[in-house]
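For reference, the structure discussed in these notes is given below.
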Amino acid sequence: MDPEPFTRSPAPLTALPWICAGLVASMLLWQAARLLDQLWWRPRRLEQELHAQGLRGTRYRFLTGDVNDDSRQNREASSRPPMTPRCHDIGARVLPFLYGNVQEHGPQCISWFGPIPKVTITDPSLVREVMSNKLSRHIEKLKFPALTGLLADGLKNHEGDKWAKHRRILNPAFHAEKLKLMLPAFSVCCEELVGRWAECVGPDGSWEVDVYPELQSLTGNVLSQTAFGSSYLEGRRIFLLQSEQVGRLMTRVHKIIIPGY
């Protein structure tokens, strides 16, 4: 008997490239569908859900959201001369985009950081409720893994059970009796600040001061005294380095905008 009729012929090799091309096309289509959902359909669904809850704000724009408008308004505000006469209503200069959004859409409003919606709350009672133990652990927070690793990975970045665990660890440090023990350090740092200001007062009895860096320095001095004790100078050096790192990072963030990041 001739065995050749019973021999199965191998699959033609010409079909292999088509199979590979089909797999690659399927992967590309899946990735494209995933990106389309993340950058368009999901933001639109979230926008509708937030509107259904009575929140209003800017409309979502593909990929960038309000990032470009925010950066542009910040540049325009910083390029304008200081307000004359000076007043305490500085929102339009310090946070122009957020200020305008609140003025237009109300004290609770929506803005977009790329495809991620942000809900701004300006009512103190609502802020207190959100920051309570029951709600804060369930708040979804913006995630910047690279930036978090460079700066700090603390309680404000955690969510869920991890947030609750770290909150319990920190609670004893803020007990009223422990805070009372820190009052002498608070007093020394405040007296040092006021004394330095008093030395700068001019003959007319007045002196203009930018309180932001001054109070930032005061906070660093207080933390250095209370957290590092006798080695507070080393603590102060660490806080100065952290401030410099934050300043350099924010400068890069404002100059380089990566849409969708």
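Taking segment 35-110 and the helices (runs of 4 or more DSSP H) fully enclosed by it, the elements with 2 or more residues that are farther than 21 Å from I121 by Cβ are at 42-52, 67-79.
Among the residues of this structure, A77 counts as one that is aliphatic (A, V, I, L, M) and under 30 Å from V209 (Cα atoms).
Annotation note: Cβ proximity below 9 Å between a residue of segment 158-185 that is outside the structural domain of A227 (by TED's automatic domain parsing) and a residue that is among the acidic types (D, E) and not in a helix (DSSP H, G or I) (sequence gap 6+ or interchain) occurs for E159/E140.
Taking (1) assigned by TED's automatic domain parsing to the domain that holds T122; (2) modelled with pLDDT under 90 in turn, P3 satisfies each apart from (1).
With respect to N101, determine if the residue is at pLDDT below 90 and either touching an Asp or Glu at 6+ places or on another chain (Cβ under 9 Å) or closer than 19 Å to I116 by Cβ (or both). Criteria not met by N101. Is it true that some residue in segment 208-217 is surrounded by 14 or more Cβ atoms within 10 Å (Cβ to Cβ) and at pLDDT below 85? The answer is yes, given that some residue of segment 208-217 is surrounded by 14 or more Cβ atoms within 10 Å (Cβ to Cβ) and at pLDDT below 85. Of all residues in segment 221-231, how many are surrounded by 10 or more Cβ atoms within 10 Å (Cβ to Cβ) and over 18 Å from L179 (Cβ atoms)? Of the residues in segment 221-231, 1 are surrounded by 10 or more Cβ atoms within 10 Å (Cβ to Cβ) and over 18 Å from L179 (Cβ atoms).
Is it the case that some residue within segment 6-24 is surrounded by fewer than 13 Cβ atoms within 10 Å (Cβ to Cβ), among the charged types (D, E, K, R) and modelled with pLDDT of 90 or more? No.
The values are calculated or read from the model by the stated rules, or taken from the named source; none is laboratory data. Source: prediction; values computed, not measured. Positions of Cβ are generated from backbone atoms using ideal geometry, with glycine treated the same way; all protein chains shown enter the neighbour counts.
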